[in-house]
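Heads up: the structure comes next, in structure tokens.
The values are calculated or read from the model by the stated rules, or taken from the named source; none is laboratory data. Not measured: the values here are computed from a predicted model. Virtual Cβ from ideal backbone geometry, glycine too; neighbours counted across all protein chains shown. In case anyone asks, the SASA skips ligands and DNA or RNA and just uses the protein heavy atoms, side chains included. Shrake-Rupley method; radii C 1.70, N 1.55, O 1.52, S 1.80 Å.
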Amino acid sequence: MIPTYKSLNSIKNIYFENNIWSHAYYKLKKNRAAITSVVVILVYTVISFLSKIEWIASPWDEMVGDSYQSPSLNSIKLLLGTDIFGRSVFYKVLHGTRIAMSVGLISSLMSVPIGVILGSFAGYFGGWVDNLFTWFYSTLSSIPNIMLLISITYLLGKGQSAVYFALGATAWVGLSRVIRGEFIKHKARDYVVAAESIGASTYSKVFKHILPNVFHYVIIHFSVQFMSAIKSEVILSFLGLGVQGQPSWGVMIDDARLELSRGVWWQLAGATTAMFLVVLSFNTLGDALRDALDPKMK
Amino acid sequence: MNQKKEKILSNHSVEKILEISNLRTSFFSDQGELKAVDEVSFAAYAGKTLGIVGESGCGKSVTSLSIMRLIPFPQGKIIGGQILYRQRNLLELKPAEMRGIRGNEISMIFQEPMTSLNPVFSVGDQISEIIRLHQGLSKKESLNRSIEVLKWVGIPAPEKRVHDYPHHLSGGMRQRVMIAMALSCNPRVLIADEPTTALDVTIQAQILELLSELKEKMGMAVILITHDLGVVAEMADEVVVMYAGRIVEQGSVRDIFSNPKMPYTKGLLNSIPTLKKDRNGSQKNRLVAIPGIVPNLLQLPIGCRFQERCSYIDLICCNKEPDLRLVLSSSEIEHKFRCARDISFNTEKEILNFSQPSSGDQSQILSAEVLLSVRNLSKEYLVQGSLFGKKEGTVRAVSEVSFDIRRGETLGLVGESGCGKSTLGRCLLRLIEPTSGQIIFQGQDMTQLNLKKIRNFRRHMQIIFQDPYASLNPRMTVEAILSEPLDIHHLYQSKQEKFKKIYKLLDLCGLRREVLSRYPHEFSGGQRQRVCIARALAVEPEFIVCDEPVSALDVSIQAQIVNLMQDLQEELKLTYLFISHDLKIIEHISSRVAVMYLGKIVEMASVEDLYRDSKHPYTKALMSSIPVSDPNLRKQRVILKGDLPSPLSPPSGCSFHPRCPMAQKDCQTIAPILKNYMNNSKSCHSFSCHHPN
């Protein structure tokens, strides 16, 4: 009914390179919010790396002042005040970044492939494969997520690697359910039937034809999973099951619980602001990536 | 002259209900103002039908939405003009006043009966809601009134049906309900926006009949928007032809069809195939397509908007956009057109002589080698109830179908939707696994091959789908789409050879080389269908199943694609199975035709025999329900009662007997078999009916 602006775009398009990634790059470059998010995420990554090799914020467990000293601009160590032992809260926040980023990244990297592969196979093949898969994830998701996390960490012992594994092993369910549904929808589409009729193999139909069309869900999941992993780590640490002997945002929030009543707000503020910024950036970047990779959104 | 005209006008004592003058509706985007409707004027009279025709994107629907003031806000806006409804300008009414007119005095029927009804309310609820709103009747009264309107629109047992939900009803029934809703408050103007486009021909005939009956009875003005010139020729009194937001020709239906003045109108008329018997048995002709597509309304050319596609273009066309001018008309309705030149077209349809080797005489077909032979092919679907329920039964989508296709011919396959024709087409390539039967292609039984072999074997047979929007992967460029089949079957030695092949495919299908780097959404429907055809041709097949390849396209584009397919057939010696519900296209392209009803072939004959002398009553009904694109040939139709029965419980005996006008007792018990007419081996005319004639 309303004419579209195809012809205008197609003229422009001739001059572009024939590559979805270069399109995406071009489009991302123009999106200011996305660029800001990339910068924020890069800064977080650099901070985690530098704190790992102890170039910055080191040592974090040194006493820099009195107990519960309020924030001041006099010294960088006192930027966010001190905690009960007189350690620099700012340094703890920086160190916590490393834990958060690695938990987010590793658990996303674990859950995305599991989710995509299980979901696409179940959706594409249907039948008993699908029944088995549906049974499996229904069972898994019928257990309250936090309970599952707790029992896995008990099983593997406390610590960082247990948190990685626990998060990675539980987070794929949501993604694979979406991917399964999308595959069921797409496998009946004419373009997949057309691929079948020109002789495309099952592998090519699943990975070359259908997957790129559902890939935006993976990207969204990646960014959502990143933040929910960070949040879960916070909860686990809060429950005393997470990272031991290292500052993490979760541990800091847990500490802040008791401190707030005394008017000590900086530990909580530092940890949550750091978390807020990275979560927001991932969200924005995820949205921008999804749009950039969609050839229809030119 | 003037006196004479006035006299005629006074005789012509119909009330002018709706008058639209200089209506302008625009849409605004960051790319600028898009004038979807530009200075459009026409009037609608009580008891008369006004047809608005044009390709998609020409502003037909926006015009009708403007009358209802339903233009999506804030992108769209009515900028100027007047819509006078009984001396009231609708554009000046307050929203509340407008709501009182909408649905009450001016109502509208939409194209998609499947999506225009709310699935969670019963039909009666939906109709009585409107009645209660506008007429303030009580719940009970409005329900009674709903039953009454349902009776008008010919719904059997309306007392029971009124409590049905939309999913209980078939497409035709839903469209009747939509009409009932539109008529429930006795509107003075009925706007029907493509009311039959989504329906089968037999149902279309029922709905059109109903519309003209109700128009007479209620003295409404009907505005019929359609792209089907056949429907306009049958229904309309006056016709408005729109192009790129403008009216380009306007006049009585006879003037438009017998004396078109604007090349666009002529082009539209040329691009529809006419049945041979309606064109006095002249030779098979090539469709004269209008080249190109409707221009982008944001980048209109200077001068005439049609210039890029016009074959009568002159210098004068590029200077200034011509105004609408009057021409002597044969009736009291003014005939106006918008063309700088004054061209008189020959009244005969333009015929390009074109020899079509595939549709040679019957003996030639019969002597060719059999390429594909189908024997007793069936496809059954199990319909399961709930998880713990018993299975409910089997649907025989295709039932014991047998036929041969010879090399170089085109076998047309017609039937209503749901008759199993698409399932049959896909079974041939084993894209759907047939339940039983044989498909012998070049001496090889396709049903015996394993999955790997069948994938290689599909090089020889391909399929083109109905919806060019869904059949291309939106994430692949044209280059990737065309490379894929070449890659899979290793059809090239070097990269150079591959591109040579791709360029050749593009040339064959009339696409430019720039398209290689583009994505499917950047193309129009016709171009997409060209890409689909190119992809199918990439593997150098001998046989192509064409599953309604032109049904989703505009008439002028349809003609382009049909011509392309015929050229390709000639050039590459292709064999087609052409599936369509459009009998005119089938007649145009096929050499033999098979008619399917509820999974069975009920008649099969050469195209001449079938269209001249059909035997099966179903075929006859199909033939008579085709709208003829000539207002002088309005005819008495055989209108089939009811809808296609549910394939879950097909009728006993001859499955057509409940709808058959000549059914007798034995039809209910004994299923007729497909047998050769006259037992003559020379003739390939066969049908399954106990009582032909």
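Summary table
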{"quantity": "Count of residues meeting criterion [part of a strand (DSSP E or B) and either at pLDDT 90 or above or open to solvent by less than 70 Å² (accessible area, probe 1.4 Å) (or both)] in segment B:1-38", "calculated": "17"}
{"quantity": "Candidate set from segment B:536-559 (those that are more than 24 Å from the chain's Cα centre (by Cα) and open to solvent by 20 Å² or more (accessible area, probe 1.4 Å)); member that is farthest from the other protein chains (Cβ to nearest Cβ)", "calculated": "B:Glu542"}
{"quantity": "Tally of residues being among the hydroxyl-bearing types (Ser, Thr, Tyr), assigned to a helix (DSSP H, G or I) and open to solvent by less than 10 Å² (accessible area, probe 1.4 Å) across segment B:170-219", "calculated": "1"}
{"quantity": "Residue in segment B:599-616 that is closer than 25 Å to B:Ile464 by Cα and of a type in the set (S, T, N, Q) present", "calculated": "yes"}
{"quantity": "Whichever residue in segment A:146-190 is among the hydroxyl-bearing types (Ser, Thr, Tyr) and either free of Cβ contacts under 8 Å to residues at least 60 places away in the same chain or in contact with a Lys or Arg (Cβ under 9 Å, 6 or more places away or on another chain) (or both) and, among such residues, is surrounded by the most Cβ atoms within 10 Å (Cβ to Cβ)", "calculated": "A:Thr170"}
{"quantity": "Per-region count, segment B:104-123, residues open to solvent by less than 20 Å² (accessible area, probe 1.4 Å) and farther than 12 Å from B:Ile67 by Cα", "calculated": "5"}
{"quantity": "Residue list for segment B:589-617, filter: open to solvent by 10 Å² or more (accessible area, probe 1.4 Å) and either touching an Asp or Glu at 6+ places or on another chain (Cβ under 6 Å) or farther than 13 Å from B:Ser402 by Cα (or both)", "calculated": "B:Arg592, B:Leu598, B:Glu608, B:Asp609, B:Tyr611, B:Arg612, B:Asp613, B:Ser614, B:Lys615"}
{"quantity": "The lone exception for A:Val193 - which of (1) part of a helix (DSSP H, G or I); (2) within 30 Å of B:Leu428 (Cβ to Cβ); (3) open to solvent by less than 10 Å² (accessible area, probe 1.4 Å); (4) among the aliphatic types (A, V, I, L, M) it fails", "calculated": "(3)"}
{"quantity": "Yes/no for A:Lys27 being within 14 Å of chain B (Cβ to nearest Cβ) and among the charged types (D, E, K, R)", "calculated": "yes"}
{"quantity": "Residue count for segment B:570-588, restricted to those that are farther than 15 Å from B:Val628 by Cβ, in a helix (DSSP H, G or I) and open to solvent by less than 10 Å² (accessible area, probe 1.4 Å)", "calculated": "1"}
{"quantity": "Leading residue by the ranking (nearest to the chain's Cα centre (by Cα)) among those in segment A:215-267 that are among the aromatic types (Phe, Trp, Tyr) and assigned to a helix (DSSP H, G or I)", "calculated": "A:Phe226"}
{"quantity": "Checking B:Leu633 against (1) over 21 Å from the mean Cα position of the chain (by Cα); (2) at pLDDT below 85, the condition it does not meet", "calculated": "(1)"}
{"quantity": "Members of segment A:66-87 found to be open to solvent by less than 50 Å² (accessible area, probe 1.4 Å), at negative phi and touching a residue at least 12 places away in the same chain (Cβ under 8 Å), listed by number", "calculated": "A:Pro71, A:Leu78, A:Leu80, A:Thr82, A:Asp83, A:Arg87"}
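Here is a yes/no grid of residues against (1) open to solvent by less than 40 Å² (accessible area, probe 1.4 Å); (2) of a type outside the set (Gly, Ala, Ser):
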| site | (1), (2) |
| --- | --- |
| A:His216 | no, yes |
| A:Val234 | yes, yes |
| A:Val243 | yes, yes |
| A:Leu260 | no, yes |
| A:Trp266 | yes, yes |
| A:Ala269 | yes, no |
| A:Thr272 | no, yes |
